[in-house]
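The values are calculated or read from the model by the stated rules, or taken from the named source; none is laboratory data. Note that the coordinates shown come from a computational prediction; the quantities given were computed from them, not determined experimentally. All Cβ positions, even for glycine, are placed from backbone atoms using ideal geometry, and neighbour counts span all protein chains on display.
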Amino acid sequence: MAIRLGDIAPTFSAETTDGVIDFHDWKSGSWAVLFSHPADFTPVCTTELGRTAALKGEFDKRGVKAIAVSVDPIEDHRSWAKDIGEVGGTELNFPIIADPDRTVSHLYDMLHPGEGDTSTVRSVFIIDPSDKVRLTLTYPKSVGRNFDEIVRVIDALQVTDLAPIATPADWKPGSKVIVAPTVSTEDARARFGDVEEIKPYLRWTPAPTA
Ligand code: BEZ
């Protein structure tokens, strides 16, 4: 069954390049980005996993752990890891799940038969510290993901958890946010101080800080 926003991310036990893990134990109260890739030793996937390794500092700052999955066996993951470091310039610094029996791929609905074969499409799940699924993305095999967008969404989720606010189109950290429609302008001014009303339903305020 498809996983929906607000669901508890299912846990699983799996072999990874960092040893056997139980997903919830491994996550252990952090944010997580769980993402699938179609196959090892393929060009787009090599750039995606290299980019994820290079972003470790950004993920660490935000309390996020990354973990990848594909249906290839652990031996392939281990030998492909060397290419990822060589091509991307950063050693692999997060686990890759080996899912040859497709347990995790089925659990997270990452196999889309209409996409041609039995390997996973490019799924992304952003999961919060309470194990709730906060974002899902599904990309075709031919299109590499934008990892700046994944970091941007994590920033947006973390800021909108602080107050009754939402982020506008193309929001970037540091720019203004939108007061939630559930809050009156009067209450918003009492709470946030600086509130600019463009329409009764569109009110800007500076982003709160943690
Ligand atoms: C790739 O990662 O390059 C790739 C994998 C499967 C299909 C197409 C591209």
Checklist entry - Does any residue of the range 30-41 turn out to be farther than 27 Å from V159 by Cα, within 16 Å of the ligand (Cβ to nearest atom) and among the acidic types (D, E)? => result yes
Checklist entry - Being out of contact with any Leu (no Cβ under 6 Å at 6 or more places or on another chain) and assigned to a loop (DSSP other than H, G, I, E, B), is that true of even one residue in the range 150-157? => result no
Item to check | So Y108, is it closer than 27 Å to F35 by Cα, within 16 Å of the ligand (Cβ to nearest atom) and in the same structural domain as L55 (by TED's automatic domain parsing) | outcome: no
Item to check | Selection from the range 111-129 of residues that are in contact (Cβ under 8 Å) with a residue 60 or more places away in the chain, of a type outside the set (F, W, Y) and more than 14 Å from the ligand (Cβ to nearest atom) | outcome: V124, I126, I127, D128, P129
Checklist entry - Is it the case that some residue within the range 83-103 is closer than 18 Å to V121 by Cα, charged (D, E, K, R) and touching a residue at least 40 places away in the same chain (Cβ under 8 Å)? => result yes
Next on the checklist: It is to be established whether one or more residues within the range 50-57 are within 12 Å of the ligand (Cβ to nearest atom), assigned to a helix (DSSP H, G or I), at pLDDT 95 or above and not aromatic (F, W, Y).
Outcome noted: yes
Item to check | Filter result (surrounded by 19 or more Cβ atoms within 10 Å (Cβ to Cβ) and either among the hydrophobic types (A, V, I, L, M, F, W, C) or more than 14 Å from M1 (Cα to Cα) (or both)) within the range 104-123 | outcome: V104, M110, S119, T120, V121, R122, S123
Next on the checklist: Checking the structure you have, find out if any residue of the range 76-92 is part of a helix (DSSP H, G or I), within 14 Å of the ligand (Cβ to nearest atom), among the charged types (D, E, K, R) and in contact with a Ser or Thr (Cβ under 7 Å, 6 or more places away or on another chain).
Outcome noted: yes
Next on the checklist: Is it the case, given these coordinates, that V20 is loosely packed, with under 14 Cβ neighbours inside 10 Å and either under 22 Å from H112 (Cβ atoms) or hydrophobic (A, V, I, L, M, F, W, C) (or both)?
Outcome noted: yes
Checklist outcome for this item: Residue pairs qualifying under the 8 Å Cβ cut-off, at least six apart or on distinct chains, with the first in the range 46-57 being within 14 Å of I150 (Cα to Cα) and the second being surrounded by fewer than 19 Cβ atoms within 10 Å (Cβ to Cβ) and acidic (D, E), are A53/E91
Checklist entry - Among the candidates I126, I178, I150, which residue alone is outside the structural domain of H24 (by TED's automatic domain parsing) and not hydroxyl-bearing (S, T, Y)? => result I178
Checklist entry - For Y201, are the conditions met, namely being among the aromatic types (F, W, Y) and within 16 Å of the ligand (Cβ to nearest atom)? => result no
Checklist entry - Which number in (1) more than 14 Å from the ligand (Cβ to nearest atom); (2) part of a helix (DSSP H, G or I) marks the one condition that I67 misses? => result (2)
